[in-house]
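The values are calculated or read from the model by the stated rules, or taken from the named source; none is laboratory data. Just so you know, these numbers come straight off a predicted model, no measurement behind them. Here Cβ is always computed from backbone atoms with ideal geometry, including for glycine, and neighbour counts include all displayed protein chains.
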Amino acid sequence: MASLRVISVTGGKGGVGKTHLVANLGVLAVQRRLRTVIIDADVGLASAHVLFGLTPTLHVGDVLDGAELDEALMSTPQGVALLPAASGERSLTYLSDEQRQLMRAVWEQLAERFDVVLIDCPPGIGRDALFSASAADRVLLLATPEPTSLLDAATLAHALHHHTAIRTIDVVINGARSDRQGQLAFGKLQACSALAPTPKLSYLGSLPDDHNIRRAAALSQPLVTLASASPAARAMERLATSLLDGNTPEHLLANSGGSLLGFERRLREADARRVG
Ligand SMILES: Nc1ncnc2c1ncn2[C@@H]1O[C@H](COP(=O)(O)OP(=O)(O)OP(=O)(O)O)[C@@H](O)[C@H]1O
Ligand SMILES: [Mg+2]
């Protein structure tokens, strides 16, 4: 059995393009005959299902309350499975012992049934954001070239280093005018994250600003199926090639994939210390 690849897509602030990237990488993974599931971990602002034109009835929170995984898993027209997020204030990090058991069982089922798990993380450096990012063995950090976005991304990189076992991060610059601008923005991100330890930052690539993305959102269809020749779709295809084709690069083995429950335990211990 091929080993499971868990990829999380995260960003220092909202609206940097995480959900579009996750949805399109999902479709591109399926096109590579990889069984793929998207977990929408963006509790509160769930939106991955919207990009596929789906209306969920159950979500990840219901599964943690005992619903069967199959009842909550949705199938997109493009063949990607989707586990919708709980909308509202539901957190994934404050779990009872029973819910933790359920989460472990769900994780095992996903590992058996899929080749690729893509996690759409909530933005920022809150518990849920760090928790969902740290479940992956490959973390994509999305930022735009604006200085504030790069600063927020640096802050998230510091937080990931401090609170999780993630030791390498792949950076994607969204909304770049050219790949050159993407690389320059990556250089600035490295400069502004040099003040405190971060995981090793690698530049994975850039996505151009492309009006077709807004069109795809309006039509509830992933860009790579709606306009596969558009500039952003081509850039996503390049990202998918480096992420999904070939073996996991050696340096990524330093990340501890599937550390979801270990991280959750750590947060709980930290809480207990604070209370006591
Ligand atoms: N490369 C791009 N070109 C043009 N528009 C884009 C691009 N990437 C994202 N957008 C637009 O930016 C907005 C935010 O995108 P998206 O929802 O994917 O971001 P997000 O990081 O998931 O946001 P949130 O943190 O709110 O979940 C959307 O309106 C989307 O259409
Ligand atoms: Mg989103």
Seminar exercise, completed: Only one of Ser75, Ser132, Ser149 is among the hydroxyl-bearing types (Ser, Thr, Tyr) and either without any contact (Cβ under 8 Å) to a residue 60 or more places away in the chain or on the phi > 0 side of the Ramachandran plot (or both), namely Ser75
For this session: Scan Thr241, Thr225, Thr198, Thr248 and give me the residue that is modelled with pLDDT of 95 or more, assigned to a loop (DSSP other than H, G, I, E, B) and either of a type in the set (A, V, I, L, M, F, W, C) or on the phi < 0 side of the Ramachandran plot (or both).
Result: Thr198
Seminar exercise, completed: Contact list, first residue from the range 23-34 and assigned to a helix (DSSP H, G or I), second anywhere and among the hydroxyl-bearing types (Ser, Thr, Tyr) and crowded, with 24+ Cβ neighbours inside 10 Å, beta-carbon distance below 6 Å, six or more apart or interchain, is Gly26/Thr36; Ala29/Thr36; Val30/Thr36
Exercise. Counting only residues that are surrounded by fewer than 22 Cβ atoms within 10 Å (Cβ to Cβ), under 10 Å from Pro145 (Cα atoms) and touching a residue at least 24 places away in the same chain (Cβ under 8 Å), how many does the range 162-206 have?
Worked result: 4
Problem set entry | Considering residues of the range 44-54 that are more than 9 Å from ligand 1 (Cβ to nearest atom) and part of a loop (DSSP other than H, G, I, E, B) only, the residue nearest to Gly126 (Cα to Cα) | Gly44
Exercise. Restricting attention to the range 106-125, which residues are out of contact with any helix residue (DSSP H, G or I) (no Cβ under 9 Å at 6 or more places or on another chain) and farther than 18 Å from Gly26 by Cα?
Worked result: Glu108
Problem set entry | Subset of the range 8-43 that is surrounded by fewer than 24 Cβ atoms within 10 Å (Cβ to Cβ) and farther than 21 Å from Ser149 by Cα - its residue that is nearest to ligand 1 (Cβ to nearest atom) | Val43
